[in-house]
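**Q** Okay, here's the structure, questions in a sec.
The values are calculated or read from the model by the stated rules, or taken from the named source; none is laboratory data. Computed from a prediction, not measured in an experiment: that's the story for all the values here. So basically every Cβ, Gly included, is an ideal-geometry build from the backbone, and we count neighbours across all protein chains shown.
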């Protein structure tokens, strides 16, 4: 082989290998970023599903345990608006306790909310669960299609 070919190969081959390595590192970094975003979206989805599931379970529990006693204590068996509000407040308190401080902080972080806004979101979940329980019979299964429709498709 001629000396010029050897010189060209001595310069071009290391540059080509360096460019290929840089391209591979870039591609792996982008893949890692994509997988990280996918994992974060999955955690967000699971947190929202957990909140939905907890709200429904807690409202069903209040409906099955506390409400009959409250109705029994009234003369006509119907709850007053104040009594219904007390039951909703009880369900809200149980939901907040079940999530814990850390869970509420994570929820606020996921939704971009803070403090009172997180409580408003949770109150909406309790109201939604109350409506769902009133609508149909109490079943142990969660309607995942309905949950996905509310919180968006699973990533």
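**Q** Would it be correct to say that residue 135 is modelled with pLDDT of 80 or more and more than 22 Å from residue 45 (Cβ to Cβ)?
**A** Yes: the conditions hold for residue 135.
**Q** Among 64, 24, 39, 55, which is exposed (fewer than 14 other Cβ atoms within 10 Å of the Cβ) and in contact (Cβ under 8 Å) with a residue 40 or more places away in the chain? Working first, answer last.
**A** Values: 24 fails: in contact (Cβ under 8 Å) with a residue 40 or more places away in the chain; 39 fails: in contact (Cβ under 8 Å) with a residue 40 or more places away in the chain; 55 fails: exposed (fewer than 14 other Cβ atoms within 10 Å of the Cβ).
Just a single option satisfies the conditions, and that option is 64.
**Q** Restricting attention to the range 33-40, does a residue exist that is closer than 30 Å to residue 97 by Cβ, within 38 Å of the chain's Cα centre (by Cα) and modelled with pLDDT under 85? So that I can check it myself, show each step before the final result.
**A** Taking the range 33-40 and keeping what is closer than 30 Å to residue 97 by Cβ, we get 39-40.
Subset that is within 38 Å of the chain's Cα centre (by Cα): 39-40.
Filter again for modelled with pLDDT under 85, leaving 39-40.
Yes, the range 33-40 contains at least one residue that is closer than 30 Å to residue 97 by Cβ, within 38 Å of the chain's Cα centre (by Cα) and modelled with pLDDT under 85.
**Q** In this structure, is residue 48 surrounded by 11 or more Cβ atoms within 10 Å (Cβ to Cβ) and over 19 Å from the mean Cα position of the chain (by Cα)?
**A** So residue 48 does not fit the description; no.
**Q** If residue 29 satisfies all but one of (1) over 18 Å from residue 91 (Cβ atoms); (2) over 27 Å from the mean Cα position of the chain (by Cα), what's the number of the condition it fails?
**A** Unmet condition: (2).
**Q** Of the conditions (1) in a loop (DSSP other than H, G, I, E, B); (2) at pLDDT 80 or above, residue 121 clears all except one; give me its number.
**A** Unmet for residue 121, out of (1) in a loop (DSSP other than H, G, I, E, B); (2) at pLDDT 80 or above: (1).
**Q** Name the pairs whose Cβ atoms lie under 7 Å apart, with the first residue in the range 104-115 and closer than 17 Å to residue 92 by Cβ, the second not in a helix (DSSP H, G or I), and 6 or more positions between them or separate chains?
**A** Pairs found: 108/114.
**Q** Which condition number does residue 85 fail, the rest of (1) part of a helix (DSSP H, G or I); (2) exposed (fewer than 15 other Cβ atoms within 10 Å of the Cβ); (3) under 18 Å from the mean Cα position of the chain (by Cα) being met?
**A** In the conditions (1) part of a helix (DSSP H, G or I); (2) exposed (fewer than 15 other Cβ atoms within 10 Å of the Cβ); (3) under 18 Å from the mean Cα position of the chain (by Cα), residue 85 misses (3) alone.
One line per residue, one yes/no per condition, for (1) more than 30 Å from residue 134 (Cα to Cα); (2) assigned to a helix (DSSP H, G or I):
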| residue | (1), (2) |
| --- | --- |
| 22 | yes, yes |
| 33 | yes, yes |
| 45 | no, yes |
| 50 | no, yes |
| 79 | no, no |
| 92 | no, yes |
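Every residue, every condition in (1) in contact with a helix residue (DSSP H, G or I) (Cβ under 6 Å, 6 or more places away or on another chain); (2) under 17 Å from residue 56 (Cα atoms), yes or no:
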| position | (1), (2) |
| --- | --- |
| 78 | no, no |
| 83 | yes, no |
| 94 | yes, yes |
| 99 | no, yes |
| 121 | no, yes |
| 130 | yes, yes |
